Every structure is written in structure tokens, then in C-alpha cells.
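No lab work stands behind these numbers, since they all come straight from the coordinates. From a predicted model like this one, the values you see are computed outputs, not experimental measurements. Every residue, glycine among them, receives a Cβ derived from its backbone with ideal geometry; neighbour counts consider all protein chains shown.
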């Protein structure tokens, strides 16, 4: 069951990263595009750091191509998610992008031949329903705006891309060692994010970060130190267990985001501005419970 502990560790670490990402986008950078570029730089650096412990012997062109596409898919997921996170509550963004286990399960069943039982499928659907309930909970508006619907559709696309990235990483787990995949995936995903440097005004925004030591430190700590361990736990999980089960447990991230966001939104802290009224909390708590139920079920069945 060590795959489950690694998956939970990755989910919690990524949840902490997601909350800090929202804080960084809101208060420490000019806009989401600037932040995405800094994430790209951090991803590239993390990939390059592990080169000394990577093993390239036996790495074929086809395997390398799969790893690169896995990284690109992951990078595109980050680009979409951070763009939406700039204007949406983090507790509404993360649950939608955590619906990827449905796509991973389908790919694992039809292509990898992994056994997805009817009970596991039911638990996956419960997990996704709970996450969606959290995301669609009221936020003080009388009705969903058109921009909210568009954002949600884009987040579902990001979820598919993230699921594809995980699936591709698992398909070549027997052909390439973990650290080599970590390195190639980090560099290719990082370059995808870094490509936004070509957009107008982004270079100026990135340069301005170097004049803010506190912001630079927080970005380095979050996107370097915390992300390193979040991705490491993810790879340890997929190398130890079946991908659809790993991805489903990792979909518990909204639970941790909900809790952390709630604490940081309390009046005495007020680092975030998540809604705290009773109706919102009741709906999101229900969605969180269903997510936990689904994750527990798929882990035990």
C-alpha cells in the first residue's frame, strides 16, 4: 500500500503548492502569465538538477518522445490552470482539474489492460462528483456568469491534459528509470510554460520579480522546494502502483485545498479571500466528504 501513502503525500504537497500559487499570483507577480514563466524556469531547473542521477542508457527515441509529450501535456495543464486561477477561488479551480482520474481510468482500461472493476469505477465517479460539487458551490453570485462556464470548460480540458500526462508517464515506467523521466518531463514541461515569455510585457514582469526579494524567495520555496517533493512523491507512487488508483487518490487534493484555504481565509489571518458563509461551507463540505468516500473506496476495493 506504499503507493497510497506516496499518492496522499503528493496530493497534500500539491494542495499546499496550489494555495501558495494563488497567493503568489494575487499578491507577488504582475499577472498569471508572468507567474507561469517563473514556474517554467523552476521546472527546468528541477529537471537539470537530477541529471547526475539520471540513467540514459537504453533510452530509445520512442520512449523519449513519450516522456517529452508527457511533459508538454503537464505544462499545458499548468498554463491553463494558472490563467484561470488568476480570477477564480483556488478551492473552485482545484476540484475541476482533479477530475482527471476518469480519463486515466478509461485509458488504463482500454490501453494498459488494468483491471478497473465496477466498484472502482463507481468510487471514481463519486470522487469526481464530490469534486464538481465543491467547484460549483455558491460563491455569493446569483447565477454563474458566462466567464465562469468558460473557465470551467477550460479547466476540464486542463484536467484531461494532466490525466494524459500521468497516463503517458505510466506507460513507459518499465522502459525508463524514475529520475530520467523526472528530468525530461521537467524540462519539456518547463519549456512549455517558459514559452509565454514571448508574450508582450512578460519579460518586464519577470524582471521586476528580481527587485522583490520576498516574492523571489516565496516563488523559489514553492516552485522549487515544495514542487520537487510533490513531483517526487508522484513518481514514487506511479512506479509502485496502478495508475488509475494512484491518480484517484491524488484527486483528494481538493480536500486539502479546502482545509488550507479555509484556515488562511479566517479574519485573523486573511491571506486568502475564500467565502466563509454557512451555505458555501455546507455545500463544499458535502463535496469534500464525497471525494474522501470515493478515494477511500478505490483504495480499498
*asked:* I want to verify a result. In a Gaussian network model of the chain, Cα cutoff 10 Å, which of these has the top mean-square fluctuation: 234, 194, 217?
replied: 217
_Spin-label model distance (nm) - residue 269 vs residue 31, 7 Å beyond Cα toward Cβ_ = 3.0
*Each label point is 7 Å from the Cα along the Cα-to-Cβ direction; what then is the distance between the points at residue 87 and residue 157, in nm?*
1.4
*For the chain, report the translational diffusion coefficient in µm²/s to the nearest whole number, using Stokes-Einstein at 25 °C, 0.890 mPa s, and a Kirkwood Rh over Cα pairs.*
127
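If you rank 252, 87 by fewest surrounding Cβ atoms within 10 Å, what's the result?
The fewest-first ordering by Cβ neighbours comes to 87, 252.
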_Using a Förster radius of 41 Å, what is the FRET efficiency between residue 115 and residue 203 based on their Cβ-Cβ separation? Nearest 0.05, please._
0.25
*Once you've got the GNM for the chain with C-alpha springs shorter than 10 Å, pick whichever of 231, 36, 160 has the biggest mean-square fluctuation.*
231
*Quickly estimate the mean residue ellipticity at 222 nm for the chain, helices only: each DSSP H run with n ≥ 4 gives -39500 (n - 2.57), and the total goes over all residues, rounded to 500.*
-23500 deg cm²/dmol
*Mind telling me which of 261, 287, 220 comes out most flexible in a GNM of the chain, alpha-carbon contacts under 10 Å?*
220
